[in-house]
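Q: Here it is, the structure, as structure tokens.
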Amino acid sequence: MTEKEVVLQILGMHCAACATGIESGLKRLDGVTDVRVSFATKEAFVKFDEDKVTLDKIKAVVKRGGYEAVERVEDVSAKRRKEVRGRMVLFFIGLALTIPIALISFLVMFPEKNHVLLALATPVQFVVGWHFYRAAYSSIRNRFADMNVLVALSSSVAYVYSAYVTLFVPDGMGFFDASAVVITTITLGMLLEDMAVERTGDAIKKLMGLQPKTAIVIQDGQEKEIPADEVQIGDTVIVRPGDRIPVDGSVMDGHTFIDESMITGESVPVEKNVGDTVFSGTINKTGTLKFQAEKVGLETMLAQIVRLAREVQASKAPIQRLADKVVNVFVPVVVSISVLTFAVWFFIYGNQSLALTTMVAVLAISCPCALGIATPAAIMIGVGKGAENGVLIKNNAVLEVVKNLDTVVFDKTGTLTKGKLDVTDLAADDRSEILEVAAIAEKWSEHPIGQAIVKKAENEGISVAEPESFDALPGFGVTAGVKGKKVLIGNRALMKTNNVPVRQLENEIEKLESEGKTVLIVAVEGKALGAIAVSDTVKEHSKEAVSALQKMGLKVIMLSGDTRRTAEAVAKQLGIDEVLAEVVPAQKVDEIKKLQGQGRFVAMVGDGINDAPAITQANVGIAIGSGTDVAVDSGDIVLIKDDPRDVATSIKLSRKTLGKIKQNLFWAFFYNIIMIPLAAGVLYSTVGVLIPPEAAAASMILSDITVVGNSMLLRRFKP
């Protein structure tokens, strides 16, 4: 089996039912293993066995349904604009003919009235309404009855009956106004719905538009402007102030600040120096940069974000299965109700006019389209909004799981803390002196603690000279020659071995150690100069992140491989009550399983690399600060920024998106449950309430627009 995946752009779809029909047809094609068609993105994701079916055959099935499939590499914007213009022309033709039909039907009486109406209604029925017939035929051919079938049936019943009356029943009353208004109104509604759905994808379109068209590279020692998609890995790229970065890479020369807000949502420009990573689509604000291309084309972070977001938008959430099951039986049920309605009013009440009116109204008012678009419309906006703010929802099934979360487990190192050692305290009479002495002594050290001390001194503007001698003492510290004097830096055992008294520092040392910090004593010529505390410091917004989750009613737990005292000291700073300490990486999965065994619904937050097994085991996996490899992380949710506050943002966004899906489905179900009986005339004999076909068509479109409009409220979400 040779499996291949292709993304096709679909032209000609005008409602969610079209997508379902195409999907139904492709699923029956031998060799197609998976297919997802999205009306919202106008795309089809198809997996197929190349040994059994060809891409041309897949395209042919789509074409047989009345649509056109092209590979996504093509620019179809011109074709899409032509589609929209064509629909607008049809609508205005329908409107120009429907207005006189309505006026003549209700306000004018003359002998040949029905013949005039027949002449006006025929082009509306078969020119403006032709796309309904074509789509209905394709739908039935694919063994799936959709909204197009209902529109074609309802308008045809009214038109055919009216034409029969006009030609064979003198003085009979027709319903040309009903057939014309139904077709024209629904054509307008579909146009509006299509335009509204296009707006739901604005976030992803905005991201796609960030990729610059050209790049300046150095070739043969000369600067040359080339198309951005021709940049190769290893090329040297030049970016001047105000330009967008064309590909991902590593800075070789220069210093600048880069606006990464379009990818991460972070409004403050990020400082970039030699060795730092830059990302495609971001804006260089100040200095000129020279960097080496490391990821190009579909491998850049921007391309991965767009690809993941589009795939999730096109996939179906589990909650949509209920809607799909309903849609599959919806049209046959509605047709049965319409026939029953006709039979009741015609055979029991003997009212032929009312029987036809209610039958057409039931067919016109029914709306499987609202059910079909309820979920994808909300997911389109929710996932797009997340991508705008550096929150990637990789699996839309997680939207339904997040609501059950009661526990969030954070890995400590690199997630809540910076993952690197920093000097936190200097306990000495002269802070500058002890820092200078310690930095010179540690300059040749390869230990992270020594490097942290040297970095602290350099950041304080202290010139760090070379030591005259250096000797590392594993497990104890170091000894070095500094300015002609012997310097010792290390633990109590080192001081005891060298007979250095430290009693005067004991209280300060114990205090720092109780905070989970590593304490080094600095001695010069046998006399203690003071102490330096080193620790993996907490990230700037970690406490705020923990507090936000706790306010949401979630239990926060910290998982760490550190000693219990160190872990609890960090947890105390953050306001975390429960700590799982001294847990080696291989045991993290077991700890998650234990929590799940207690009946907890767990989200695991980690860096997506060391914590991958635990993230996978959790009910919801969240990978934070994942850098450029956004597509390969284990998490259901990937947070691009290294900011723990985005954990709360991702959970809130997921909950709000699920809330919109449920609201949309409720509205779609409620609409049909209420409106179909009203259209059938259940209240007509008692209170005189009857919905005419014209109002039924308008009402049906209103339900579609309501669902899309409700989804678009998600665009107001702010992290």
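The values are calculated or read from the model by the stated rules, or taken from the named source; none is laboratory data. Remember, predicted model here, so these are calculated numbers, not experimental data. Please note: Cβ atoms are built from the backbone with ideal geometry, for glycine as well, and neighbour counts cover all protein chains shown. In case anyone asks, the SASA skips ligands and DNA or RNA and just uses the protein heavy atoms, side chains included. Shrake-Rupley method; radii C 1.70, N 1.55, O 1.52, S 1.80 Å.
Q: Which of the residues belonging to region 107-137 are among the aromatic types (Phe, Trp, Tyr) and closer than 26 Å to residue 191 by Cβ?
A: 126, 130, 132, 133, 137, listed by residue number.
Q: Looking at (1) touching a residue at least 60 places away in the same chain (Cβ under 8 Å); (2) assigned to a helix (DSSP H, G or I), which one does residue 531 not meet, given that it meets all the others?
A: All conditions pass for residue 531, except number (2).
Q: Same structure, new question: Could you give me the residue pairs with C-beta distances under 7 Å whose first residue belongs to region 206-234 and is at negative phi, whose second residue is polar (S, T, N, Q) wherever it lies, and which are 6+ apart or on separate chains?
A: 211/280; 217/236; 218/236; 225/214; 226/214; 227/214; 228/211; 228/214
Q: Go through (1) over 28 Å from residue 518 (Cα atoms); (2) crowded, with 21+ Cβ neighbours inside 10 Å and name the single condition residue 571 misses.
A: Of (1) over 28 Å from residue 518 (Cα atoms); (2) crowded, with 21+ Cβ neighbours inside 10 Å, only one is false for residue 571: (1).
Q: Something else now. Looking for something closer than 14 Å to residue 320 by Cβ and either outside any helix (DSSP H, G or I) or not charged (D, E, K, R) (or both) - is there at least one such residue anywhere in region 336-345?
A: Among the residues of region 336-345, not one is closer than 14 Å to residue 320 by Cβ and either outside any helix (DSSP H, G or I) or not charged (D, E, K, R) (or both), which makes the answer no.
Q: Would it be correct to say that residue 558 is out of contact with any Asp or Glu (no Cβ under 8 Å at 6 or more places or on another chain) and in contact (Cβ under 8 Å) with a residue 40 or more places away in the chain?
A: No.
Q: In addition: Go through region 350-371 and give me each residue that's assigned to a loop (DSSP other than H, G, I, E, B) and without any contact (Cβ under 8 Å) to a residue 60 or more places away in the chain. Even if it seems obvious, please write down each step before you answer.
A: If we filter region 350-371 for residues that are assigned to a loop (DSSP other than H, G, I, E, B), which is where we start, we get 350-351, 366-367.
Of everything in region 350-371, those that are assigned to a loop (DSSP other than H, G, I, E, B) and without any contact (Cβ under 8 Å) to a residue 60 or more places away in the chain turn out to be 350, 351.
Q: Scan (1) of a type outside the set (D, E, K, R); (2) open to solvent by 10 Å² or more (accessible area, probe 1.4 Å); (3) in contact with a helix residue (DSSP H, G or I) (Cβ under 8 Å, 6 or more places away or on another chain); (4) farther than 15 Å from residue 366 by Cα for the single condition residue 153 breaks and write down its number.
A: The failed condition is (4).
Q: Another question, if that's okay. Residue under question is residue 34, and the condition is that it be among the charged types (D, E, K, R), assigned to a loop (DSSP other than H, G, I, E, B) and touching a residue at least 12 places away in the same chain (Cβ under 8 Å); does it hold? Spell out the reasoning first.
A: Working: among the charged types (D, E, K, R): yes; assigned to a loop (DSSP other than H, G, I, E, B): no; touching a residue at least 12 places away in the same chain (Cβ under 8 Å): yes.
No; evaluated as a whole, the condition is false for this residue.
Q: Here is a follow-up. If you check residue 152 against the conditions, is it more than 30 Å from residue 28 (Cβ to Cβ) and not in a loop (DSSP other than H, G, I, E, B)?
A: Considered against the rule, which asks whether it is more than 30 Å from residue 28 (Cβ to Cβ) and not in a loop (DSSP other than H, G, I, E, B), residue 152 comes out as no.
Q: Let me ask you something else. Yes or no: region 157-169 includes at least one residue that is over 16 Å from residue 693 (Cα atoms), open to solvent by less than 10 Å² (accessible area, probe 1.4 Å), under 34 Å from the mean Cα position of the chain (by Cα) and touching a residue at least 40 places away in the same chain (Cβ under 8 Å).
A: No, the conditions are met nowhere in region 157-169.
Q: Is it the case that residue 588 is outside any loop (DSSP other than H, G, I, E, B), within 26 Å of residue 420 (Cβ to Cβ) and more than 27 Å from the chain's Cα centre (by Cα)?
A: yes
Q: Residue 517 is checked against (1) at pLDDT below 90; (2) of a type in the set (Lys, Arg); (3) within 30 Å of residue 655 (Cβ to Cβ) and fails just one. What number does that condition carry?
A: Tallying (1) at pLDDT below 90; (2) of a type in the set (Lys, Arg); (3) within 30 Å of residue 655 (Cβ to Cβ), residue 517 fails exactly one: (3).
Q: Can you list residue pairs whose Cβ atoms sit under 8 Å apart, with the first residue in region 269-287 being free of Cβ contacts under 8 Å to residues at least 24 places away in the same chain and more than 23 Å from residue 298 (Cβ to Cβ) and the second being outside any loop (DSSP other than H, G, I, E, B) and open to solvent by 30 Å² or more (accessible area, probe 1.4 Å)? Count only pairs 6 or more apart in sequence or on different chains.
A: Filtered contacts from region 269-287: 269/257; 270/257; 271/257; 272/257; 274/252; 274/253.
Q: Within region 6-22, take every residue that is at pLDDT 85 or above and of a type outside the set (Val, Ile, Thr) and give me the one that is surrounded by the fewest Cβ atoms within 10 Å (Cβ to Cβ).
A: 11
Q: Do the conditions hold for residue 316, that is, is it over 27 Å from residue 156 (Cα atoms), in a loop (DSSP other than H, G, I, E, B) and either open to solvent by less than 10 Å² (accessible area, probe 1.4 Å) or at pLDDT below 85 (or both)?
A: yes
Q: Would you please name the residue that is surrounded by the fewest Cβ atoms within 10 Å (Cβ to Cβ), looking only at residues in region 123-136 that are in contact (Cβ under 8 Å) with a residue 40 or more places away in the chain and not basic (Lys, Arg)?
A: In this case the residue turns out to be 131.
Q: Could you pull out the residue among 139, 155 that is farther than 20 Å from residue 66 by Cα and polar (S, T, N, Q)?
A: Going through 139, 155 in turn, just one is farther than 20 Å from residue 66 by Cα and polar (S, T, N, Q): 155.
Q: In region 627-719, which helices (runs of 4 or more DSSP H) lie fully inside it and hold 3 or more residues that are touching a residue at least 40 places away in the same chain (Cβ under 8 Å)?
A: Once the helices (runs of 4 or more DSSP H) in region 627-719 are filtered for at least 3 residues that are touching a residue at least 40 places away in the same chain (Cβ under 8 Å), what remains is 645-680, 693-712.
Q: Another question, if that's okay. How many residues are over 20 Å from residue 222 (Cα atoms), open to solvent by 20 Å² or more (accessible area, probe 1.4 Å), assigned to a strand (DSSP E or B) and of a type in the set (Asp, Glu) when one looks only at region 238-293?
A: 2
Q: Okay, moving on. Can you name every one of the strands (runs of 3 or more DSSP E) wholly within region 460-506 that holds 2 or more residues which are under 22 Å from residue 430 (Cβ atoms) and at pLDDT 90 or above?
A: Working: elements: 469-473, 477-482, 485-490.
Because the criterion is at least 2 residues that are under 22 Å from residue 430 (Cβ atoms) and at pLDDT 90 or above, the strands (runs of 3 or more DSSP E) in region 460-506 that meet it are 477-482, 485-490.
Q: Say we look at region 96-115 and pick out the residues that are within 46 Å of the chain's Cα centre (by Cα) and open to solvent by 60 Å² or more (accessible area, probe 1.4 Å); which of these is nearest to residue 14 (Cα to Cα)?
A: Going through the qualifying residues, I end up with 96.
Q: State whether the residues of region 385-401 include one that is assigned to a helix (DSSP H, G or I), closer than 26 Å to residue 490 by Cα and in contact with a strand residue (DSSP E or B) (Cβ under 9 Å, 6 or more places away or on another chain).
A: No; the residues of region 385-401 include none that is assigned to a helix (DSSP H, G or I), closer than 26 Å to residue 490 by Cα and in contact with a strand residue (DSSP E or B) (Cβ under 9 Å, 6 or more places away or on another chain).
Q: Another question, if that's okay. Based on what the data block shows, is residue 525 open to solvent by 70 Å² or more (accessible area, probe 1.4 Å) and modelled with pLDDT under 90? Explain how you work it out, then say what you get.
A: On the way: open to solvent by 70 Å² or more (accessible area, probe 1.4 Å): yes; modelled with pLDDT under 90: no.
For residue 525, the condition - open to solvent by 70 Å² or more (accessible area, probe 1.4 Å) and modelled with pLDDT under 90 - is not met.
Q: Of 250, 261, 280, which residue is hydroxyl-bearing (Ser, Thr, Tyr) and at pLDDT below 90?
A: None of the other options fit; the residue is 261.
Q: Between a residue in region 416-444 that is open to solvent by less than 20 Å² (accessible area, probe 1.4 Å) and any residue that is aromatic (Phe, Trp, Tyr), which pairs come within a Cβ distance under 6 Å, given they are 6 or more apart or on different chains?
A: 416/410
Q: Looking at the structure I just gave you, is residue 144 at pLDDT below 80 and either within 26 Å of residue 328 (Cβ to Cβ) or crowded, with 17+ Cβ neighbours inside 10 Å (or both)?
A: Yes, satisfied.
Q: Kindly evaluate residue 376 against the criterion of being over 30 Å from residue 574 (Cβ atoms), open to solvent by 10 Å² or more (accessible area, probe 1.4 Å) and not in a helix (DSSP H, G or I).
A: Spelling it out, it is not the case that residue 376 is over 30 Å from residue 574 (Cβ atoms), open to solvent by 10 Å² or more (accessible area, probe 1.4 Å) and not in a helix (DSSP H, G or I).
Every residue, every condition in (1) hydroxyl-bearing (Ser, Thr, Tyr); (2) crowded, with 24+ Cβ neighbours inside 10 Å; (3) at positive phi, yes or no:
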site: 333; (1), (2), (3): no, no, no
site: 337; (1), (2), (3): no, no, no
site: 346; (1), (2), (3): no, no, no
site: 358; (1), (2), (3): yes, yes, no
site: 364; (1), (2), (3): no, yes, no
site: 367; (1), (2), (3): no, yes, no
